[in-house]
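Here the structure comes first, spelled out in structure tokens, and everything after it is commentary.
The values are calculated or read from the model by the stated rules, or taken from the named source; none is laboratory data. The model shown is predicted, which means the values in this text are computed figures rather than measured ones. Glycine gets a Cβ as well: all are built from the backbone with ideal geometry, and neighbour counts include every protein chain shown.
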Amino acid sequence: MTIRVVIADDHRVVRDGLCYLLGQEPDVEVVGEAGDGKRTVDVVAATRPDVLLLDLYMPEGDGHAVLEALRAVPHRPAVVVLTSATADEHLSRAVQAGATAYLLKTAPAEDVIAAVRDAAAGTASLSSELLTRLTRALRRPPPLDPLAPLSPRERDVLRLIARGHSNRQIARELAIGEQTVKTHVKGILAKLGLQDRVQAAIFALRHQAGQSAGEVPGEPTGRSG
């Protein structure tokens, strides 16, 4: 039996590499590719693959959005997440949404091929390290405060993002380096599972992170950039 695979990753070179890798296997056929979340769902619906190799960081709907959208696909494939997202939150969220396997992009080629075959056979697979991390993440009580994962400084940065400040403006207001601001922004996106600054601003406004103590809620100022 031939295993039909769709590859979803926003980097062309990654898709080409995976196509070449899987094309060497006599029992695997790549039947489609996609570079963003929306296209992934469309390609899966059109090709009805056995396995979807899915990156989490993509435009037009990230991998988590794809996993959610696949709930409505009549012939849902087994999903092997292949990503650079290392946070426990991404791992637990993906597995709870139905991912069969979760691999980091540093995984050996043979592990990727084995995960595809296991997924097609209906067998879930996680490395012992990821299984330990998943168990730890699932046992951890969910934070009551949606901003709990953030440090005080990251909250300050998020508040200013919500006001439409650029990295340069944030650096000036907080008296820190612009590169430090970039590091904080990257940490905020990773910890909250967000894709970009726009999502961060929306998240902040929804949870009133754009306010300082004693502020009255009002219209956000400026534009996100």
State whether the residues of the stretch 58-77 include one that is over 17 Å from Gln195 (Cα atoms) and surrounded by 22 or more Cβ atoms within 10 Å (Cβ to Cβ). yes
Could you grab the pairs with beta carbons closer than 6 Å, sequence gap of 6+ or different chains, first residue in the stretch 103-127 and without any contact (Cβ under 8 Å) to a residue 60 or more places away in the chain, second one in a loop (DSSP other than H, G, I, E, B)? Ala124/Thr100
Scan (1) under 19 Å from the mean Cα position of the chain (by Cα); (2) assigned to a helix (DSSP H, G or I); (3) outside the structural domain of Asp9 (by TED's automatic domain parsing) for the single condition Ala94 breaks and write down its number. (3)
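Residues that are at pLDDT 90 or above, surrounded by 13 or more Cβ atoms within 10 Å (Cβ to Cβ) and aliphatic (A, V, I, L, M): find the helices (runs of 4 or more DSSP H) completely inside the stretch 153-225 holding 2 or more of those. Spell out how you get there, then give the answer.
Numbers: elements: 167-174, 178-192, 197-206.
Those helices (runs of 4 or more DSSP H) span 167-174, 178-192.
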